[in-house]
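The values are calculated or read from the model by the stated rules, or taken from the named source; none is laboratory data. Everything numeric here is computed off the predicted structure, so don't read it as measured data. All Cβ positions, even for glycine, are placed from backbone atoms using ideal geometry, and neighbour counts span all protein chains on display.
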Amino acid sequence: MATILLAGGAGYIGSHTAVALLNAGYDVVIADNFANSSPEAVRRVERITGKQVRLYEADCRDNARLAQIFRENSIDAVIHFAGLKAVGESVAYPVRYYRNNIDTTLSLLETMADAGVKRILFSSSATVYGEENPIPYLETMPRGVCTNPYGWTKAMMEQIFEDAAKADPSLSVVLLRYFNPIGAHPSGLIGEDPQGIPNNLMPYVTQVAIGKRECLTVFGNDYDTKDGTCGRDYIHVMDLAEGHLKAIGYILQHSGVEVFNLGTGTPVSVKELVETFEAVNGVQIRRIYGGRRAGDLPEYYANADKALAMLGWKTERSLADACRDAWNWQKQNPNGYRGVET
Ligand code: NAD
Ligand code: UD1
């Protein structure tokens with residue numbers, strides 16, 4: 001079976017993808033500098049699967065370290081998760097975001113070329129559709145104007161991959177545009193572990209549920225949507241992980257560049273998400289309605305037909321499943337991976 005290098009694989013999406021790959025029989029190597037993660041996540045992946053992961057503490061901007069990883073392992077494909085992802089922080093520290101995110105991509109491409117590794121999946125984002133495209137988003141739409149440096153790093157990295165693949169037709173690239181990943185592995189052993197005050201909705205909700213935050217502020221209830229709150233395409237992280245599994249199967253057989261949306265194809269409002277969380281878990285989420293958050297779009301969601309047609313992938317898990325699994329993870333790990341012996 002093939003060996004897959006997960007750059008940034010100790011993080012939220014990488015750890016769940018590692019579980020899916022290991023369960024399918026792939027060998028997994030992880031390179032992560034733990035800028036936003038913990039080696040404990042990788043140990044938990046090993047516990048869930050009963051399989052071993054080869055873990056390197058490595059900055060993916062360090063070509064010599066990457067070259068060593070490629071030398072010591074026979075890598076068939078890379079999945080590139082390594083990056084900084086906090087939108088607000090990217091506005092405050094744009095240079096840090098451009099430096100980290102673009103350099104990881106360039107270093108991976110350089111060292112892959114030297115090592116003769118020709119296949120890479122990239123964690124892109126629905127944010128690259130910008131503000132102007134109509135919904136639902138389709139892969140054939142042009143990338144739009146991004147609203148923050150984080151989004152621009154994703155758009156720029158997509159362009160870099162497209163140019164690199166044009167120059168080297170033997171390079172195979174799959175750009176995966178994630179919509180809004182939520183939830184956790186049903187074991188509750190791995191999940192999303194935000195540092196400080198969560199920016200994203202689901203971890204904020206789970207922290208209110210457990211009493212770490214007093215009250216959720218719903219950002220705007222005067223949008224032109226079904227209930228006035230914003231609509232998003234929330235995808236269970238295990239469905240997303242299985243999307244990577246299908247994309248790995250695809251890239252091992254095909255060359256060229258392909259773009260896939262990974263989403264459910266259905267928008268869910270903030271109000272619906274919070275009410276589902278309450279109903280499924282039997283907890284109350286204290287909430288107030290506040291003003292709109294700068295940069296938020298009223299509603300966006302995926303057209304996910306291409307992934308179904310070409311990868312045979314679609315989401316299987318419900319919003320209720322994601323709410324249950326997110327709460328299970330939070331309850332079992334009130335402080336995330338912190339405070340755990342590593
Ligand atoms: P995460 O922060 O949990 O995982 C990213 C991992 O990359 C972390 O483990 C971090 O330590 C590592 N990392 C960062 N810079 C590195 C470097 N220079 N060298 C080595 N490791 C480095 O985030 P995630 O939610 O798992 O996201 C994974 C990828 O998917 C990111 O590229 C993110 O931008 C993208 N994405 C995430 C979302 C989301 O909502 N979570 C949505 C769209 C796209
Ligand atoms: C955000 C990023 C996006 C990134 C994505 C990762 C912005 C503008 N966009 O998307 O680039 O790819 O995270 O998942 O930051 N909400 C509340 N109260 C809260 C938190 C959120 O009402 O405390 C609402 C937001 O207004 C939004 C929805 O919940 O309507 C989802 O928010 P969030 O989880 O931050 O994701 P996005 O804004 O869709």
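General remarks:
- Test: residue in region 38-58 that is in contact with an Asp or Glu (Cβ under 8 Å, 6 or more places away or on another chain), away from ligand 1 (no atom under 14 Å from the Cβ) and not in a strand (DSSP E or B): yes
- Some residue of region 105-125 being in contact with a Gly (Cβ under 6 Å, 6 or more places away or on another chain) and either over 19 Å from ASP233 (Cβ atoms) or touching a residue at least 12 places away in the same chain (Cβ under 8 Å) (or both): no
- Residue in region 42-62 that is under 27 Å from THR147 (Cα atoms), under 19 Å from the mean Cα position of the chain (by Cα), buried (at least 20 other Cβ atoms within 10 Å of the Cβ) and at pLDDT 95 or above present: yes
- Meeting the requirement of 1 or more residues that are more than 30 Å from ALA165 (Cα to Cα) and free of Cβ contacts under 8 Å to residues at least 24 places away in the same chain, the helices (runs of 4 or more DSSP H) wholly within region 252-342 are 270-281.
- Only one of ALA167, ALA184 that is touching an Asp or Glu at 6+ places or on another chain (Cβ under 9 Å) and small (Gly, Ala, Ser): ALA184
- Condition broken by SER124, with the remaining ones in (1) surrounded by fewer than 19 Cβ atoms within 10 Å (Cβ to Cβ); (2) under 15 Å from ALA82 (Cα atoms); (3) in contact with an Asp or Glu (Cβ under 7 Å, 6 or more places away or on another chain) satisfied: (1)
- Any hit, region 158-172, residues being touching a Lys or Arg at 6+ places or on another chain (Cβ under 8 Å), in a strand (DSSP E or B) and either modelled with pLDDT of 95 or more or surrounded by 20 or more Cβ atoms within 10 Å (Cβ to Cβ) (or both): yes
- Condition met for TYR301 (modelled with pLDDT of 95 or more, buried (at least 20 other Cβ atoms within 10 Å of the Cβ) and within 22 Å of LYS226 (Cα to Cα)): yes
- Scope region 183-200; condition within 14 Å of ligand 2 (Cβ to nearest atom) and touching a His at 6+ places or on another chain (Cβ under 7 Å); matching residues: GLY183
- Failed item in (1) over 19 Å from the mean Cα position of the chain (by Cα); (2) surrounded by fewer than 23 Cβ atoms within 10 Å (Cβ to Cβ); (3) within 15 Å of ligand 2 (Cβ to nearest atom), with CYS230 passing the rest: (2)
- Taken over region 193-227, the criterion of being away from ligand 1 (no atom under 16 Å from the Cβ), out of contact with any helix residue (DSSP H, G or I) (no Cβ under 8 Å at 6 or more places or on another chain) and in a loop (DSSP other than H, G, I, E, B) is satisfied by GLY211, LYS212, GLY220, ASP222, TYR223, ASP224, THR225, LYS226.
- For region 112-119, the criterion of being more than 16 Å from ligand 2 (Cβ to nearest atom), over 25 Å from ALA302 (Cβ atoms), in a loop (DSSP other than H, G, I, E, B) and of a type in the set (D, E, K, R) is satisfied by at least one residue.
- ARG143, sole failed condition from (1) in a helix (DSSP H, G or I); (2) without any contact (Cβ under 8 Å) to a residue 24 or more places away in the chain: (1)
- VAL128 under 17 Å from the mean Cα position of the chain (by Cα) and either touching a residue at least 60 places away in the same chain (Cβ under 8 Å) or within 12 Å of ligand 1 (Cβ to nearest atom) (or both): yes
- Listed by first and then second residue, the pairs with beta-carbon distance under 8 Å, at least 6 apart or on different chains, first residue in region 193-206 and over 19 Å from ASP233 (Cβ atoms), second near ligand 2 (Cβ under 7 Å from one of its atoms) and part of a loop (DSSP other than H, G, I, E, B), are PRO194/ASN200.
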